[in-house]
Amino acid sequence: MYWLVIGGILLLFLFMYNHYQFNQAEQKFPASGKFVSVDGIRLHYYTTGREGDPPVVFLHGGLLSGNDFRHVMEQAAVQGYQAFAFDRPGYGYSERPKQAEPEEQARLIRDALIALGVERPVLVGHSWSGLLVLAYALQYPDELAGVVSLGGGMYKEGYPAAKGDVISAAVTTPMIGPTILRTMLAVVGPVLSDRILTATFAPEEVPQDYRLEARALWLRPEHFRANREDVLQFLPAVTRLSDKYNQISLPLVIAVGADDPFDTREHSSRLHQEVSHSQLLVWEGIAHMIPQLHPSLVWDAVAKITN
């Protein structure tokens with residue numbers, strides 16, 4: 001009985017500490033974009049550039065939010081585009097539906113663009129969203145001007161969680177998952193976050209402001225769970241979709257860093273072979289986090305479609 005009481009007090013303390021840390025995080029990094037509602041789901045997005053200029057839509061990878069493209073967005077008007085960057089469902093300040101497979105995320109973003117009056121944009125996806133933009137292109141081929149993949153993951157071979165992911169399985173398990181998310185993230189999360197960021201940016205350095213933002217926002221329970229759900233949903237989705245990639249007839253630019261630590265180089269080369277009209281860009285001295293560290297290269301890739 002004594003140990004049950006002690007355990008209960010410890011859990012309560014951890015819950016309160018986590019709740020405090022999460023509130024502090026949102027005060028430090030509040031929502032600074034706009035919102036659009038689709039089927040009762042609020043999506044948060046950023047926009048820059050002049051209305052009426054060619055639209056470009058950016059979709060982030062598996063860590064943070066549309067703000068991953070903030071340096072890219074700063075250049076939008078100079079480059080002659082109107083840019084939009086969404087927090088994908090469950091990330092940043094966007095809500096997440098119960099079903100959020102890549103095809104469903106594509107549908108939500110497509111309906112959000114219709115609501116915003118955005119027509120035939122170039123769709124740009126980084127990392128995990130390499131799969132998402134291909135899912136979008138397969139579902140709505142007549143509604144895009146073209147697609148750009150930046151260090152995209154598109155196949156099951158070489159996927160880091162191909163043999164399972166203990167953390168993702170734990171936090172998505174009923175009862176156990178919510179307990180972990182609301183009592184342990186603020187304690188063990190910062191170390192986990194730093195390790196993942198170091199591996200994801202390698203061999204380049206992690207910007208300190210990005211590290212602080214990841215420790216704050218990525219470790220919120222809903223955001224972290226959305227990320228781990230996406231990790232688990234990747235393999236079933238590529239199993240459904242990868243055999244159809246050769247049906248894509250849209251302009252397609254596949255860009256990847258030569259120093260990318262993941263298998264996205266192999267994925268990019270394979271996709272280029274399967275989609276014969278695509279363009280492949282391999283940037284020497286560049287790793288995985290292209291939007292965060294090399295924003296001008298993103299516009300170079302977009303220009304391959306729009307020029």
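Counting only DSSP beta bridges with both residues in the chain, what percent are antiparallel, rounded to the nearest 5?
Values: 9 of 32 bridges.
Here the antiparallel bridges make up roughly 30 percent for the chain.
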Once each part is reduced to its C-alpha centroid, what is the distance from segment 187-213 to segment 219-279 in angstrom?
22 Å
Among the lysines, which have Cα under 18 Å from the Cα of LYS304 when same-chain residues fewer than 8 positions away are ignored?
none
For ASP243, what is the net charge nearby, where nearby means another residue's Cβ is under 13 Å from its Cβ and Lys, Arg count +1, Asp, Glu -1?
+3
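Indicate the gyration tensor shape class of segment 254-302 (rounded, prolate or oblate), computed on the Cα atoms with a ≥ b ≥ c the square roots of the eigenvalues: a/c under 1.5 is rounded; otherwise a/b larger than b/c is prolate and the rest oblate.
Working: a/c = 2.61, a/b = 1.37, b/c = 1.91.
Verdict is oblate for segment 254-302.
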Which trypsin sites (Lys or Arg not before Pro) in segment 157-233 sit in a loop by DSSP (not H, G, I, E or B) and have at most 11 other Cβ atoms within 10 Å of their own Cβ?
LYS163
Compactness of segment 150-242, expressed as Rg and Dmax over alpha-carbon positions, Å:
14.2, 38
Loop-located GluC sites (Glu not before Pro) in segment 207-307 whose Cβ has at most 13 other Cβ within 10 Å (DSSP):
GLU284
Any chance you could list the semi-axes, whole Å, largest first, of the equivalent ellipsoid that the Cα gyration tensor gives for the chain, using √(5λ)?
33, 21, 19
Paired Rg and Dmax values of segment 45-93, which use every Cα atom, in angstrom:
10.6, 31
Helix by helix through the chain, keep the DSSP H runs that span 30 Å or more along the axis on Cα and average at least -0.5 on Kyte-Doolittle, and give those back in order.
2-28
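With 28 Å as the limit, write out which pairs from LYS98/LYS244; LYS34/LYS98; LYS98/LYS156; LYS34/LYS156 have Cα-Cα distances beyond it, or answer none.
Values: LYS98/LYS244 26 Å; LYS34/LYS98 23 Å; LYS98/LYS156 24 Å; LYS34/LYS156 35 Å.
With Cα atoms farther than 28 Å apart: LYS34/LYS156.
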Starting from the Cα gyration tensor of segment 175-306, take the square roots of the eigenvalues, sort them a ≥ b ≥ c, and report rounded, prolate or oblate (rounded when a/c is under 1.5, otherwise prolate if a/b is larger than b/c, else oblate).
oblate
Please compute, over every Cα-Cα pair in segment 77-186, the percentage with a separation greater than 18 angstrom.
60 percent
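Rule-based calculations on the coordinates, nothing more; no lab input. Since the model is a prediction, treat every value here as computed from it, not as a measurement. We place every Cβ from the backbone using ideal geometry, glycine too, and count neighbours over all the protein chains shown.
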